[in-house]
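First the structure, in the form of structure tokens, and then the observations on it.
The values are calculated or read from the model by the stated rules, or taken from the named source; none is laboratory data. On a predicted model such as this, the values are computed, not experimentally measured, just so you know. Every residue, glycine as well, gets a Cβ built from its backbone with ideal geometry; the counts of neighbours run over all protein chains shown.
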Amino acid sequence: MSRVWNFSAGPAALPEPVLRQAAEEMLDWHGAGMGVMEMSHRGKEFMSIAEAAEADLRELLAVPSNYRILFMQGGAIAENAIIPMNLLGEKRVADYVVTGSWSQKAQKEARRYCEVNIAASAEANGFRSVPPMAEWKLSADPAYVFTCTNETIGGVEYPFEPDLATIGRGEVPVVADVSSHILSRKVDISRYGLLFGGAQKNIGPAGLTIVIVRDDLLGRSVPDCPTAFDYKTVADNGSMYNTPPTYGIYIAGLVFQWLKRQGGVAAIEAQNIAKAELLYGYLDGSDFYENRIDPACRSRMNVPFFLKDEALNDAFLAESKAAGLVQLKGHKSVGGMRASIYNAMPLAGVQALVDFMRDFAARRA
Ligand code: PMP
């Protein structure tokens, strides 16, 4: 067996020890005589798996006790509709901060449910930075302010945690799409009303959606919100109103245990900083490649870069693949290359990429 360095934006590489443990437990989980996929979600074995996963996530992110953790389905794109259906209550307007493709998509979806006010947008500068909070123009009475704190496609990450109290609007809940950087860095959950993300980047298999919601925001759903997507119903039933994505929760639980063994979020954040510094440092020192994002807002997880001579793109992709470095092609809306370096990508993988890039450039000098 030989595994590649996988730079996919998601579904993405998982920690190898997690995959090995899942393989070992595939046919018989802890003597149950069956695998996790075959278990009743209400049986004591799976209940213990789900409870441990939730407790470990709560510990890793220091989720305060007045927040509920929900294991849902539908992915982040479904949440773009589920959020307004749940948080609008009596209000008519929601505010959106647009920093790239994912927040753009979210505000478009929200228009099906409410009026949308664009509180700030980085579109004018080609989504190369995050508008500072002092420039956010909130509407008079928004149900929430939506942010995407790491834009996976553009490679733009908030260099600050949104704190509406600093602009005198602390009463408005902040919603954050954290799909592509959850668990990669410390986060102060108490600054947000709701955080959500699909699992398939930093957590586990596609199909599991994580929602962390402050409990005073439950019970505000619009009347035609599907019951299975009503946060209060999901919370009241311990994420088991409908059958949850059991295998995804199990793998997520193994990833959380792996993260705890690495030393938790603070330790993985230090590694993520080292990885990002290595790759951006190389890009900045090179006259062969470039990254075009404002250095203050560069994502530690998703690193888009361009060859200055774009005619070499196909050769770069073919040769990197032959060297065991895969999924480096940039998103079609951006072009160029993109290396996604989530928690499961070790420093050695980023070093292998930089070594290849240096060699590729040298052979064309
Ligand atoms: N938001 C962000 C930040 C993402 O990276 C993605 C997936 N790439 C999505 C939303 C959409 O997620 P899904 O396809 O799981 O609905």
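Details
- When we screen A143, A106 for residues that are crowded, with 18+ Cβ neighbours inside 10 Å and either closer than 17 Å to L218 by Cα or not aliphatic (A, V, I, L, M) (or both), the only hit is A143.
- Any hit, the range 202-215, residues being loosely packed, with under 15 Cβ neighbours inside 10 Å and of a type outside the set (D, E): no
- Residues (among the acidic types (D, E) and away from the ligand (no atom under 16 Å from the Cβ)) located in the range 73-102: E90, D95
- Looking across the range 112-132, the residues that are of a type outside the set (G, A, S) and touching a helix residue (DSSP H, G or I) at 6+ places or on another chain (Cβ under 6 Å) come down to Y113, C114, V116, V130.
- Residue within the range 183-197 that is assigned by TED's automatic domain parsing to the domain that holds N80, among the aromatic types (F, W, Y) and more than 29 Å from N343 (Cβ to Cβ) present: no
- Residues that are touching a Pro at 6+ places or on another chain (Cβ under 8 Å) and not β-branched (V, I, T) were ranked within the range 161-192; the one that is nearest to the ligand (Cβ to nearest atom) is A176.
- Selection within the range 321-365 - within 18 Å of L278 (Cα to Cα) and of a type in the set (S, T, N, Q): S340, N343, Q351
- Test result for W102, of a type in the set (F, W, Y), farther than 30 Å from A252 by Cβ and either touching a His at 6+ places or on another chain (Cβ under 8 Å) or modelled with pLDDT of 95 or more (or both): no
- Which listed residue is free of Cβ contacts under 8 Å to residues at least 40 places away in the same chain and basic (K, R), from K91, K105: K105
- Scanning the range 1-47 for residues that are modelled with pLDDT of 95 or more, in a loop (DSSP other than H, G, I, E, B) and of a type in the set (G, A, S) returns S8, A9, G10, A12, A13, G31, A32, G33, G35, S40, G43.
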